[in-house]
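**Student:** Got a structure here, written out as structure tokens. Questions coming.
The values are calculated or read from the model by the stated rules, or taken from the named source; none is laboratory data. Since the structure is predicted, the reported quantities are computational estimates derived from the model, not experimental observations. In this analysis, Cβ positions are derived from the backbone assuming ideal geometry, glycine residues included, and neighbour counts consider all displayed protein chains.
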Amino acid sequence: MKAYVITIMDNKKSVEAAERCISTAKRNANIDVQKFQAFTPKHDPQKRFQDLGLITKNFDEKYSKSQNAMAAFLSHYTLWTKCIEDSEDYIIFEHDAVIENNIPKIGYAGAITFSQPSYGKYNTPMFIGVGPLTQKPYFGGAHGYIVTPQGARTIVETAKNHAAPTDIYLNSELFPWLQEHYPWSCKADDSFTTIQRQTGCLAKHNYKDGYEYLV
């Protein structure tokens, strides 16, 4: 199993947050995490979506900046394709992830979140261990999850017609086999965003005065 944290390498805050993720993963879950170069608007996500045959219409929404959300999706998408190529399960973190305890290593299939939702209302699972996706009909943030090669293949193939902001895309309507592990092992500890507009940040559990909007 490999583990990656999506990191904007030329953004100091992103790098510092990713290093915190790496440190907490090692200390609290004994997992070695590598940084993965994030896509950003400077990588021309519109062109990359066209080259990959992915739809873009679902990124035109009020909560996030479309080019930024598309770039974030490309970061996850590229890791999904690497997961398929490596034939190995991947743990995928976003830079604001903080790991608090052990991450499940067995008992799941396809893709599983082990992270506490970072925004809005959500359901708390009534089970311990691995169960069906319960927190929301979709991942309440894509800051920490596991994907298998088989799951990644279906997720990549489905993206041709259904690509959307990553957490919303990973939903139980498209992928009824998505799972959740509880108690949650990971949370988002964010004080800035490179993706959301203010409208999208108002529901964030960490939102407060001084929250930063970065390019």
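**Student:** Which one of these does Glu94 not meet: (1) within 15 Å of the chain's Cα centre (by Cα); (2) of a type in the set (D, E, K, R); (3) more than 26 Å from Pro132 (Cα to Cα)?
**Tutor:** Looking at each condition in turn, Glu94 falls short on (3).
**Student:** When the stretch 85-137 is examined, which residues are found to be in contact (Cβ under 8 Å) with a residue 12 or more places away in the chain and among the acidic types (Asp, Glu)?
**Tutor:** Pass one, the stretch 85-137, residues in contact (Cβ under 8 Å) with a residue 12 or more places away in the chain: 86-105, 107-120, 122-125, 127-137.
If the condition is that a residue be in contact (Cβ under 8 Å) with a residue 12 or more places away in the chain and among the acidic types (Asp, Glu), then Asp86, Glu88, Asp89, Glu94, Asp96, Glu100 are the ones that fit.
**Student:** Within the bounds of the stretch 191-204, is there any residue that is in a loop (DSSP other than H, G, I, E, B) and either touching an Asp or Glu at 6+ places or on another chain (Cβ under 8 Å) or modelled with pLDDT of 95 or more (or both)?
**Tutor:** Here is the first cut: in the stretch 191-204, the ones in a loop (DSSP other than H, G, I, E, B) are 191, 194-195, 197, 202-203.
Filter again for either touching an Asp or Glu at 6+ places or on another chain (Cβ under 8 Å) or modelled with pLDDT of 95 or more (or both), leaving 191.
Checked against the condition, which is being in a loop (DSSP other than H, G, I, E, B) and either touching an Asp or Glu at 6+ places or on another chain (Cβ under 8 Å) or modelled with pLDDT of 95 or more (or both), the stretch 191-204 yields at least one hit.
**Student:** So in the stretch 1-14, with the set limited to residues that are among the hydrophobic types (A, V, I, L, M, F, W, C) and touching a residue at least 60 places away in the same chain (Cβ under 8 Å), which one is nearest to Val98 (Cα to Cα)?
**Tutor:** Selected residue: Val5.
**Student:** Contact list please: Cβ distance under 6 Å, first residue in the stretch 27-44 and aliphatic (A, V, I, L, M), second residue surrounded by fewer than 19 Cβ atoms within 10 Å (Cβ to Cβ), pairs at least six apart or on different chains.
**Tutor:** Within 6 Å, the pairs are Ala29/Asn102.
**Student:** Sticking with this one: For the stretch 150-167, name all the residues that are touching a residue at least 60 places away in the same chain (Cβ under 8 Å) and β-branched (Val, Ile, Thr).
**Tutor:** Our first condition is that a residue be touching a residue at least 60 places away in the same chain (Cβ under 8 Å); within the stretch 150-167, this holds for 152-153, 155-156, 159-166.
Passing the criteria: Ile155, Val156, Thr166.
**Student:** Still on this structure: Quick test of your reading of the structure: Gly53 fulfils all but one of (1) buried (at least 20 other Cβ atoms within 10 Å of the Cβ); (2) touching a helix residue (DSSP H, G or I) at 6+ places or on another chain (Cβ under 7 Å); (3) more than 19 Å from Asn28 (Cα to Cα). Name the failing condition by number.
**Tutor:** Gly53 satisfies every listed condition except (1).
**Student:** Quick one: what pairs do we get from the stretch 65-82, first residue closer than 17 Å to Tyr4 by Cα and free of Cβ contacts under 8 Å to residues at least 24 places away in the same chain, second of a type outside the set (D, E, K, R) and in a helix (DSSP H, G or I), C-beta under 9 Å, 6+ apart or different chains?
**Tutor:** Lys82/Ala152
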